[in-house]
Structures are given as C-alpha cells and as structure tokens.
Amino acid sequence: MSEQDRQKQLVGEAAAGHVEDGMTIGLGTGSTVERFAESLGRRIAEGLSVRALPTSEASIDLAHRFDIPLIDWTVTTHLDLCIDGADEVAPDLSMIKGGGGALLWEKIVASAASRRLYIADSSKLVGALGTFPLPVEVVRFGHQATAEKLAAHCPDLARREKGGEPFVTDSGNFIYDCRFGRIDDPAALEAALGAIPGVVECGLFVGMADSLIALRDGVVVTVDGQTDVWWG
Ligand code: 5RP
C-alpha cells in the first residue's frame, strides 16, 4: 500500500468515528471517502444506525458496496453531518473539489448539513489553492460561449474528457478544468464564475469546511478551524 493510500485509510477510519448512532449523513465521493465508507460499513454491520444521502452516482455505488442505507431528498432536507474528500485544502480551509466531477451534488449535500467534515491525505494540503485545475460545471447548451467567458478569467482551460469522449456529470453537464496556477481570493473568484450565464457551479468550497481530518507528523488530527492549521 502506498503512503498516500495508507493516509487515506487512516483519515477515512477516523472520520467513521465521528458518525453517531441515528445520524443522517451526506456521503461524499472519491477514493478517500471509499475508505471512510468501508469503515462505516463495518460499524453498521456491528449495529450502528445511519442513513446516508449520496453526493454522486459513484457514491450510491459505494453505499451499495458497503451496505450503507441510502435516503433521498424526499426523506429529509437536513443532514447532521457531511463527510467528503478534497483535491486541495488551503490554510483557511477553503478547498478545491470536483476532481471526480461530483462538485455540484457535493456542494448541495454539504450545504444541507449542520456540520461538514472533510478528509484529506497530506498531498492535498497547499499554501494556496489553484495548482489543481479548478473544475467548473457548465450546461451543455452554449457551452462554447460559456467557455469563452471562463477563458477571460483563466485562459488555460480544457473541457474534461473521459475515454476520448466529453465527460458528462451526474446532472448531464460538461466540466471545464481551469488551470489558474494560484487563486488569491477564492471567494471573489467563486462569485465571479457563478455570475457567468451557463456556469452551474465551480469546485471552490469557501467557508464550507467546519473540520478537516488530516495527518500531522504522521499522526491523525482533527482541525476545527484556522487556528489549528500548521501548513502553508
Ligand atoms: C469528487 C471530489 C473528491 O472529493 C476529490 O476529488 C477527492 O478525491 P480522492 O479522495 O479520490 O482524492 O471532489 O468530485
């Protein structure tokens, strides 16, 4: 197992410890969340009662694999806790997400939760956001025109592909990955991108993370705010 996979396992297992009996949770997307789901599945098999609202079709598959009971929005619009991964986390706990293309559902689910907990291996902790290409979800209609407006903010952008075909999100949209290099004001950029007609959502998660589980000097720690941060 690689060091990164070992870290994903550790933070995923630690996150499962934050789920309490009777909770309704948001179930994130990605390989780190997969380790969380595996650990949560073990706790459910031992008797923990949990219901999960998925953040993607892939997240639904994860729930099925690990026997995590699923709900949808007709059951509740309020979640106790949302647990998800991240592609980059800055010292102010702003994040880039959407490497797996699930940013829209991930943001909707996170915004419905009382508490949002993110899990990340050390490679995700950055001094400033923007090395990871920022995913921007765009409706297909007129996406060429929307991309031109996006290019005014970030000329280095590309429509995401998968298997030689355009990548299509769970909501039927395209994603443009935008290489900013460095994002100094994520909140301002999120607002500017959101103002472009045709942009559905971008992968900037600003002010969303209540807590982060990561490794510091090889030890799993829970960061509950900017004062706990050691990197950057
Ligand atoms: C998917 C996401 C994931 O949380 C993010 O890409 C991290 O994935 P991984 O844990 O596989 O590195 O935002 O849209």
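The values are calculated or read from the model by the stated rules, or taken from the named source; none is laboratory data. Quick caveat: nothing in here was measured; it's all calculated off a predicted structure. Positions of Cβ are backbone-derived with ideal geometry, glycine not excepted, and every protein chain shown enters the neighbour counts. The accessibility values were calculated without ligands, DNA or RNA, using every heavy atom of the protein model including side chains. Shrake-Rupley method; radii C 1.70, N 1.55, O 1.52, S 1.80 Å.
Quick look at the values:
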{"item": "Given charges at beta-carbon only (K, R positive; D, E negative), |dipole| of the range 134-202 in Debye", "result": "180"}
{"item": "Sites Arg115 and Asp5 - FRET efficiency at Förster radius 35 Å, r taken between beta-carbons, to 0.05", "result": "0.85"}
{"item": "Charged-residue dipole, Cβ positions (Lys, Arg, Asp, Glu), the range 171-213 about Cα centre, Debye nearest 20", "result": "140"}
{"item": "Phe132 accessible area, 1.4 Å probe, all protein chains in place, Å² to nearest 10", "result": "70"}
{"item": "Stokes-Einstein D for the range 72-182, Kirkwood Rh over Cα pairs, 10 °C, 1.306 mPa s (µm²/s)", "result": "104"}
{"item": "FRET E, pair Val168, Asp224, Förster distance 41 Å, beta-carbon r, rounded to 0.05", "result": "0.65"}
{"item": "Rg followed by Dmax, in Å, when the range 154-196 is reduced to its Cα trace", "result": "12.4, 34"}
{"item": "Karplus (6.51, -1.76, 1.60) ³J(HN,Hα), θ = phi - 60°, over the range 114-124, in Hz, Gly and Pro reported as x", "result": "5, 9, 10, 10, 10, 10, 8, 7, 4, 5, 8"}
{"item": "Intensity falloff of the chain expressed as log10 I(q)/I(0), Debye formula with alpha-carbon point scatterers, at q = 0.10, 0.11 Å⁻¹", "result": "-0.44, -0.54"}
{"item": "Solvent-accessible area of Met95 with every protein chain in place, 1.4 Å probe, in Å² to the nearest 10", "result": "0"}
{"item": "Check: the chain dipole with +1 on Lys, Arg Cβ and -1 on Asp, Glu Cβ, in debye", "result": "260"}
{"item": "Using a Förster distance of 45 Å, the FRET efficiency for Asp156-His78 (Cβ separation, nearest 0.05)", "result": "0.70"}
{"item": "Accessible carbon and sulfur surface of the chain relative to its total accessible area, %, 1.4 Å", "result": "49"}
{"item": "Heavy atoms of His18 accessible to a 1.4 Å probe, total area in Å² rounded to 10", "result": "50"}
{"item": "Those Cys residues of the chain for which no other cysteine Cβ falls under 4.7 Å", "result": "Cys82, Cys202"}
{"item": "Partner lysines for Lys8 [C-alpha distance under 30 Å; skip if fewer than 8 residues away on the same chain]", "result": "Lys97, Lys107, Lys124, Lys162"}
{"item": "Computed [θ] at 222 nm, helices only, for the chain once each DSSP H run of length n ≥ 4 contributes -39500 (n - 2.57)", "result": "-9000 deg cm²/dmol"}
{"item": "Distance between modelled label sites at Ser31 and Val139, nm, 7 Å Cα→Cβ extension", "result": "3.5"}
{"item": "Accessible surface, 1.4 Å probe, highest first, among residues Trp73, Trp105", "result": "Trp73, Trp105"}
{"item": "Probe 1.4 Å, protein heavy atoms only - accessible area per residue of the chain in square angstrom", "result": "44"}
